[in-house]
Every structure is written in structure tokens, then in C-alpha cells.
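K.L.:
Before anything else, here's the structure in question.
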Amino acid sequence: MTISVVIADDQTMVRAGFAALLDAQNGIQVVGQAADGAEAVDLVRREKPDVVLMDVRMPELDGLEATRRILSPAHPLPHVPRVIMLTTFDIDDYVYEALQSGASGFLLKDSLPDELVQAVRVVAAGDALLAPSITRRLIEQFGQSRPTTPRANLELNALTAREREVLTLIGSGRSNGEISADLFISEQTVKTHVGKILQKLQLRDRVHAVIFAYDAGLVAPAS
């Protein structure tokens, strides 16, 4: 199946470069480009892409608010895309809020071409993406501002003891391979546990499992 992509960035050269790169890949097609957030929202509603590359900072309507409008459960779209936020800095002040808005990934604008292509494929497949250079700091800094919530504690009761262990390690920024080594279980078993965790807690993807782990107090931010 072809992965359809919309690119939203206020810099013409950035949009053109990303579009040329992605259109040259097998199984990926850029179906539209937007110069600001408002245009991006309209384009997504019209083209129904699988993935949106969304710049965080844009005029008229920034990427954060555009993402909220695209993914808002209050106004659900017939076809909900996955959103990858594009940021210039390792840690962008707006990135943390984007987690709550439903974004499925973050990528630095200066990432290698292969990393951009892989990001689109990973997110389109339903997984979450955090650029390696920002993952741990993103998780730790985000966690510092997240109080433990009673609702999250209550929802933990739906998990088995092993699933709770896996969720704790996800919240610590561990990959499936690292979790496999930590718990002495196969990576396929880890993937099965992750799938059940997301299903039971009704979470979109791994990024939001990290948020939940902090909300429930399973993980404390590094000092």
C-alpha cells in the first residue's frame, strides 16, 4: 500500500526538499504541501493522508494547534492521520504539549534523509517515533511537569504484574530489545505485552504509554 503524506512547513525550500525525497521512495506519495497550520488542517481534511509532517513553529496557526485540530476527539475526522512534529531544536518548548495533542513522533529537521523516510514508514505502521537524540531528555523533562493522577492509578488495575513491569520500562525510555534483556523474555513477547498495554489502556502508541507511566507514578523523572 502507498503511504500518503502531507508536509506542513512555512519554509518553501524545506517543503520542496522533503517532498522530493519522499516522492522518490517506493510506496510513499506526497499528496499536498501547506505553508501554515490553517492550510495544513484544510489540506488534511481534503486529502486524508496517512502521515502529516508538521513543523512546530509556523505563522497564522502553529503546528501545535493544527495538530490539536486534526486529532481532536471532539471533532473526529473520518480518516485520522499520524502526525510527526518537525523541530529545529533538540528540546523545543512546544514539543511536550504536542504529546498531549496526539502527535505520534518527533524528528529534528536536520535528520538524515534515511531517518526521515524511516520515520514516515514507522509512524504509518502504527508505531511511535522519538528521535534518538531527544528521547531520554524529552521523557525526563516532560515527566517533571506531570503530577500523578488518580485516574491513571485506577486504570493500572487492568494490567497484569508483567505488563506493569513492561510499562515501567517503556516509561524509562527503554526499547523493546532492552526490555527483552532486562526481563529475560523474547522481543516478540515484549511486543505482545506492549500491544496488550496499549489496548487495555486505550493509548494511541508508545509515546502516550510514556505519558501514562508518568501520570501513574510508575516512573520518576531524573533529578
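K.L.:
Arg45 - would you say it is open to solvent by less than 80 Å² (accessible area, probe 1.4 Å) and of a type in the set (Lys, Arg)? Before you say what the answer is, go through the steps one by one.
P.N.:
On the way: open to solvent by less than 80 Å² (accessible area, probe 1.4 Å): no; of a type in the set (Lys, Arg): yes.
Considered against the rule, which asks whether it is open to solvent by less than 80 Å² (accessible area, probe 1.4 Å) and of a type in the set (Lys, Arg), Arg45 comes out as no.
K.L.:
Still on this structure, please answer the following. If I filter the range 200-222 down to residues being open to solvent by 40 Å² or more (accessible area, probe 1.4 Å) and under 17 Å from the mean Cα position of the chain (by Cα), which single residue comes out as farthest from Gly105 (Cα to Cα)?
P.N.:
The extreme case among them is Gln202.
K.L.:
If a residue has to be of a type in the set (A, V, I, L, M), in a helix (DSSP H, G or I) and more than 23 Å from the chain's Cα centre (by Cα) to count, how many in the range 179-193 make the cut?
P.N.:
Taking the range 179-193 as the starting set, the residues that turn out to be of a type in the set (A, V, I, L, M) are 179, 181, 183, 185, 190.
Then drop every residue that is not in a helix (DSSP H, G or I), which leaves 179, 181, 183, 190.
Next cut, more than 23 Å from the chain's Cα centre (by Cα) only: 181, 183.
Qualifying residue count for the region: 2.
So that you can scan it fast, the table gives a plain yes or no per residue for (1) in a helix (DSSP H, G or I); (2) closer than 19 Å to Val123 by Cα; (3) open to solvent by 30 Å² or more (accessible area, probe 1.4 Å):
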site: Val6; (1), (2), (3): no, yes, no
site: Leu21; (1), (2), (3): yes, yes, yes
site: Asn26; (1), (2), (3): no, yes, yes
site: Arg68; (1), (2), (3): yes, yes, yes
site: Pro78; (1), (2), (3): no, yes, yes
site: Val83; (1), (2), (3): no, yes, no
site: Ala98; (1), (2), (3): yes, yes, no
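K.L.:
Considering each residue of the range 151-186, count those that are open to solvent by 40 Å² or more (accessible area, probe 1.4 Å) and closer than 21 Å to Ala124 by Cα, and give that number.
P.N.:
1
K.L.:
In addition: Within the set of pairs 6+ apart or on separate chains, which have a first residue in the range 194-206 that is within 15 Å of Val83 (Cα to Cα), a second that is acidic (Asp, Glu) and part of a loop (DSSP other than H, G, I, E, B), and C-beta atoms under 7 Å apart?
P.N.:
Qualifying pairs under 7 Å: Asp205/Asp127; Arg206/Asp127.
K.L.:
Looking at this structure, is Ala38 more than 19 Å from Gly126 (Cα to Cα) and without any contact (Cβ under 8 Å) to a residue 12 or more places away in the chain? Give the steps one after another, and end with the answer.
P.N.:
Numbers: more than 19 Å from Gly126 (Cα to Cα): yes; without any contact (Cβ under 8 Å) to a residue 12 or more places away in the chain: no.
Criteria not met by Ala38.
The values are calculated or read from the model by the stated rules, or taken from the named source; none is laboratory data. Since the model is a prediction, treat every value here as computed from it, not as a measurement. FYI the Cβ positions are ideal-geometry reconstructions off the backbone, even for glycines, and counts take in every protein chain you see. Surface areas here come from the heavy atoms of the whole protein model, side chains and all, with no ligands, DNA or RNA. Shrake-Rupley method; radii C 1.70, N 1.55, O 1.52, S 1.80 Å.
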